[in-house]
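The values are calculated or read from the model by the stated rules, or taken from the named source; none is laboratory data. It should be emphasised that the depicted structure is a prediction, and the values quoted were computed from it without experimental measurement. Cβ atoms come from the backbone with ideal geometry, glycine included; neighbour counts cover every protein chain shown.
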Amino acid sequence: MTEMLTNHLDAIANAMPDPIFVMGQDGTYLDIVGGQERTLYADGSTLIGKKYHDVLPEQMAERFLNVVQTAIKDNRLQEIEYQLADEEINGIEGSTKGGQWYEARVYPVKEGTYEQPAVIWLAINITSRKHMEEQLEHLSSNDPLTNLYNRDYFLDIVDEEINKAKMNNQPLSLFKVNLDCFKRVTDRYGHEMGDKAILTAAHALKKVVKELGMVGRLSCDQFMVVLPGVKAVDAFRIAKLSQETITAQKIKLDDNTTTCLTSHAGVTELRNDHEDSQTLFLRVNNAISAIEGKKDITNIM
């Protein structure tokens, strides 16, 4: 009866898809149970008898050893998340691609079970969950059509950059671009063509701004750019170039019609420590309003 129960327990343990490593206090792999799901885990049986520092990158080995020793010293559960690729582990044949994310739960084993104090290290592959979290985080900060920062996230960035500029006594400029023709294109040719116009403008803005600053989409046809370390006179040139680049893009509306995109832009800069983002937003909007119906398409205020 005892032998049958032992066999059953062994069979159940070895059938576990997630691996349980038995780790000694000195970082030695003492045993491994489970971990049979090869789409998620490499075969770790070849690690038995080796130490963390034999098979893992130095910093990872030190981190893991600290977790093991803390669990033993405090006699309590330790939890850790980490990213590790099969190719970073010496002595195993890889079965997964790229860096995988794992959640480990580490708990001390009854003293005397092994020749040295030890823990069980249950590793669970959470890569799919991590990717989903990253996608959700991206959606919370980025406009789904253009992949630019969305309004709320961009406004937070502007506040942060203004605080940095004040703290470091550095210039900061802002410019806003309003597309003139978006409503006309959408009303006549539909939302698909309207989206095409927005994407065209977004790509042109990113092409010009590059690493100089951050671009956000404030509404359907309004974009804003924050330029840390840039004075207004230079921001004006960047805004003009952005508008010229937008206008240079031709959009095919139907078989016989193409159009270019026109815009108006307002430019301003941080002038003193008493100004905040709302002050700058009001000024760029006033700069655009001041040239409505006029020949000028870019205004600095």
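Which numbered condition trips up Val185, out of (1) touching a Gly at 6+ places or on another chain (Cβ under 8 Å); (2) among the hydrophobic types (A, V, I, L, M, F, W, C); (3) closer than 30 Å to Asn272 by Cα?
With (1) touching a Gly at 6+ places or on another chain (Cβ under 8 Å); (2) among the hydrophobic types (A, V, I, L, M, F, W, C); (3) closer than 30 Å to Asn272 by Cα applied to Val185, the lone miss is (3).
What are the residues in segment 197-229 that are surrounded by fewer than 22 Cβ atoms within 10 Å (Cβ to Cβ), farther than 24 Å from Thr186 by Cα and aliphatic (A, V, I, L, M), if any?
Selection gives Val208, Val209, Leu212, Met214.
Exactly one condition in (1) modelled with pLDDT of 90 or more; (2) acidic (Asp, Glu); (3) in contact with a Lys or Arg (Cβ under 7 Å, 6 or more places away or on another chain) is not met by Asp143; state its number.
So Asp143 meets the others, but not (1).
If you go through segment 124-163, how many residues are among the charged types (D, E, K, R) and in contact with a Leu (Cβ under 9 Å, 6 or more places away or on another chain)?
Total meeting the criteria: 2.
Hey, does segment 143-157 have a residue that's over 18 Å from the mean Cα position of the chain (by Cα) and surrounded by 19 or more Cβ atoms within 10 Å (Cβ to Cβ)?
For segment 143-157, residues over 18 Å from the mean Cα position of the chain (by Cα) and surrounded by 19 or more Cβ atoms within 10 Å (Cβ to Cβ): absent.
Quick one: Met193 ticks every box in (1) closer than 30 Å to Glu244 by Cα; (2) of a type in the set (A, V, I, L, M); (3) within 16 Å of the chain's Cα centre (by Cα) bar one, so which box is it?
So the condition that Met193 fails would be (3).
Taking segment 271-300 as the region of interest, how many residues are under 31 Å from the mean Cα position of the chain (by Cα), surrounded by 16 or more Cβ atoms within 10 Å (Cβ to Cβ) and part of a loop (DSSP other than H, G, I, E, B)?
Qualifying residue count, segment 271-300: 1.
Failed condition for Arg283, given (1) out of contact with any strand residue (DSSP E or B) (no Cβ under 7 Å at 6 or more places or on another chain); (2) over 18 Å from Thr146 (Cβ atoms), with all others met?
Arg283 satisfies all of (1) out of contact with any strand residue (DSSP E or B) (no Cβ under 7 Å at 6 or more places or on another chain); (2) over 18 Å from Thr146 (Cβ atoms) except (1).
Would you please name the residue that is nearest to the chain's Cα centre (by Cα), looking only at residues in segment 251-263 that are not in a loop (DSSP other than H, G, I, E, B) and not β-branched (Val, Ile, Thr)?
Looking at the filtered set, the residue picked out is Ser263.
Does His53 satisfy the criteria of being modelled with pLDDT of 90 or more and assigned by TED's automatic domain parsing to the domain that holds Arg129?
Yes.
Ile162: assigned by TED's automatic domain parsing to the domain that holds Met23 and either more than 16 Å from the chain's Cα centre (by Cα) or exposed (fewer than 15 other Cβ atoms within 10 Å of the Cβ) (or both), yes or no?
no
For segment 27-140, please list each of the strands (runs of 3 or more DSSP E) lying entirely inside it that holds at least 2 residues being among the β-branched types (Val, Ile, Thr), surrounded by 14 or more Cβ atoms within 10 Å (Cβ to Cβ) and touching a residue at least 40 places away in the same chain (Cβ under 8 Å).
Working: elements: 29-34, 78-84, 100-108, 118-125.
Those strands (runs of 3 or more DSSP E) span 118-125.
Based on what the data block shows, is Ala265 more than 26 Å from Asp156 (Cβ to Cβ), in the same structural domain as Lys164 (by TED's automatic domain parsing), surrounded by 12 or more Cβ atoms within 10 Å (Cβ to Cβ) and modelled with pLDDT of 90 or more?
no
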